[in-house]
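First up is the structure itself, then whatever we jot down about it.
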Amino acid sequence: MKNTRQTNINIHRDAWVEINISNLEHNIKEIKKNIPQGVKLLGVVKADAYGHGAVMLSPTILASGVDMLGVASIDEGVDLRQAKITCPILVLGAVPLWAIESAVQNDISIAIFTDEQLAACKEIYERTGIKPKVHIKLDTGMNRIGVRAEDGVEFVKKVQNAPYVELKGIFTHLANAENLEKTKEQFKRWDSVVDNVNTDGLLLHILNTAGSICYDKPNSNMRRIGISLYGLYPDFPQGVKFRKPDLKQLISLKGRIINIHAVKAGEGVSYGHTFVAKGDRTVATVPIGYADGVPRGLSNKITGRLNGVEVPQVGNITMDQMMFDVTGVKCKTGDVITLLDENKSIDVWAKLLNTINYELTCRLKVRLPRVYTR
């Protein structure tokens, strides 16, 4: 099979992830209904677009009206540049001083928040003649990275007076977008900075996915959208009126049955025999395991869909394989069991594991080939 941008599949595996590009286009249209006219959009494609494939999805994201892309590291940005993605790119995380020159050479904007970073930018400009493009990161309550809000005005003015950098924007990150009162506190800290500096021509972005859906912030002109691009919802605040977009999950996980065998009453399945047959059962094996990103903690808790019937996963999920109880279901080797799709949300897995959907989509990227469909 020839690989194309629409089809990228390793035909030597009986397990794969499908990514629905039409759902991506649909989600961006839905998201834009919550965005005021004239406000720009930054699409977050870090962690390989949350496990969906940044290089493959970025052209569609940009063609659907997103203005800019956000990544977590210089390497992620360089990957996009090598794929001939020419739009503005911002590294949202901290960049090592020694990596700033690579950002400059690849026309990638970086987040800065320390005097050391500013000094490194000066040294690179003096050596290359290219001004690093920067966004100032404010810490308004996340306590992760950024210049503290009380020091923000001074730092912004220092950067604005530095002739060796090109200041493109100011941003911060909401730590508790699902909590209205804590978000209001961050809004106050944000305003205390941007209200006291010259912001003409700058991109101002404070609202992440949940914030963009739930709040209107006049003191900003760009929204950062991450998880909802991929059809999944963040946590939402209580007591706030907002329009919930109609999102469609992009990701599906499927595998073909590689073996069907009989299990007698009283026999166990998989390591540790955490499943013991109470009667004679028929068990099918699929070549998907925790090395493919399906957590072992989901063992005996999830289902798959086989020929229109929900079948329970049984026994411990192993590194490379898992088993399903297909008793009474007409099936054969080669039939497909669907673990996730638009109608089988990964949110179910997240609740079972007491985690978030973001983490699980990022896991499904190690060995599973991807098929891009419409």
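In the chain, with Lys and Arg counted as +1 and Asp and Glu as -1 at Cβ, which of these residues, SER270, ILE112, VAL294, has the Cα nearest the positive end of the dipole, that is, farthest along it?
About the Cα centre, the residue reaching furthest to the positive side is SER270.
222 nm [θ] for the chain, helices only, -39500 (n - 2.57) per DSSP H run of 4+, per residue, to 500?
-8000 deg cm²/dmol
How far is the Cα center of segment 201-234 from the Cα center of segment 252-318, in Å?
Cα centroid to Cα centroid, the span is 40 Å.
Ignoring ligands, DNA and RNA, please state the percent of accessible area on the chain from carbon and sulfur, probe 1.4 Å.
Numbers: 8150 of 16880 Å².
Of the solvent-accessible surface of the chain, carbon and sulfur hold 48 percent.
Taking θ = phi - 60°, what integer Hz values does the Karplus form 6.51 cos²θ - 1.76 cosθ + 1.60 yield along segment 364-374, in sequence order, with x for Gly and Pro?
3J(HN,Hα) across segment 364-374, in whole Hz: 7, 8, 6, 10, 7, x, 10, 10, 9, 10, 10.
Report, in cubic angstrom per residue, the convex hull volume of the C-alpha atoms of segment 303-351.
96
So, R0 is 22 Å and r is the distance between the beta-carbons of GLU342 and GLN37; what FRET efficiency does that work out to, to 0.05?
0.15
Express the accessible area of segment 185-325 per residue in Å², computed with a 1.4 Å probe while the remaining protein chains stay in the model.
42
Report, please, the projected area of segment 136-188 averaged over directions, based on the convex hull of its C-alpha atoms, in nm².
Its Cα hull, projected and averaged over all orientations, spans 3.8 nm².
Relative contact order of segment 163-215, please, whole-number percent, based on alpha carbon pairs below 8 angstrom and at least 6 residues apart. Spell out each step's value before the answer.
On the way: 37 pairs, mean separation 28.0, N = 53.
Averaging sequence separation for qualifying contacts and normalising by length gives 53 percent for segment 163-215.
In Å³ and rounded to a whole number, note down the convex hull volume per residue for the Cα atoms of segment 259-373.
Looking at segment 259-373, the number lands at 109 Å³ per residue.
Starting from the Cα of ASP280, step 7 Å along the direction of its Cβ; do the same at TRP98; then give the gap between the two resulting points in nm.
Label-label distance for ASP280 and TRP98, simple model: 6.6 nm.
For segment 108-235, what is the convex hull volume of the alpha-carbon atoms per residue, in Å³?
107
Taking 0.36 nm per intervening residue step and subtracting the Cα-Cα distance, what contour gain separates LYS182 from LYS244 on full extension? List each step's numbers first, then the result.
Details: separation 62, 0.36 × 62 = 22.32 nm, distance 2.11 nm.
So the chain would gain 20.2 nm between LYS182 and LYS244.
Could you derive backbone 3J(HN,Hα) for segment 192-204 from the dihedral phi with the Karplus parameters 6.51, -1.76 and 1.60 (θ = phi - 60°), listing whole Hz in sequence and x where the residue is Gly or Pro?
So the J values, rounded to whole Hz, are 5, 8, 5, 6, 10, 9, 7, 10, 4, x, 9, 7, 10.
Express the Stokes-Einstein translational diffusion coefficient of segment 65-112 in µm² s⁻¹, to the nearest whole number, given a Kirkwood radius over alpha-carbon pairs, 20 °C and a viscosity of 1.002 mPa s. List each step's numbers first, then the result.
Values: Rh = 10.5 Å.
Approximately 204 µm²/s, per Stokes-Einstein.
Tell me, Kirkwood radius of segment 167-305 from alpha-carbon pair distances, in Å?
Computed over Cα pairs of segment 167-305, the Kirkwood hydrodynamic radius comes out at 19.6 Å.
Quick one: of LYS122/LYS158; LYS32/LYS248; LYS244/LYS365, which pairs are farther than 20 Å apart, Cα to Cα?
The pairs that break the limit, which is 20 Å between Cα atoms, are LYS244/LYS365.
The values are calculated or read from the model by the stated rules, or taken from the named source; none is laboratory data. On a predicted model such as this, the values are computed, not experimentally measured, just so you know. Glycine also receives a Cβ, built like all others from the backbone with ideal geometry; neighbour counts cover every protein chain displayed. Remember, those area values only see protein heavy atoms, side chains included, never the ligands or the DNA or RNA. Shrake-Rupley method; radii C 1.70, N 1.55, O 1.52, S 1.80 Å.
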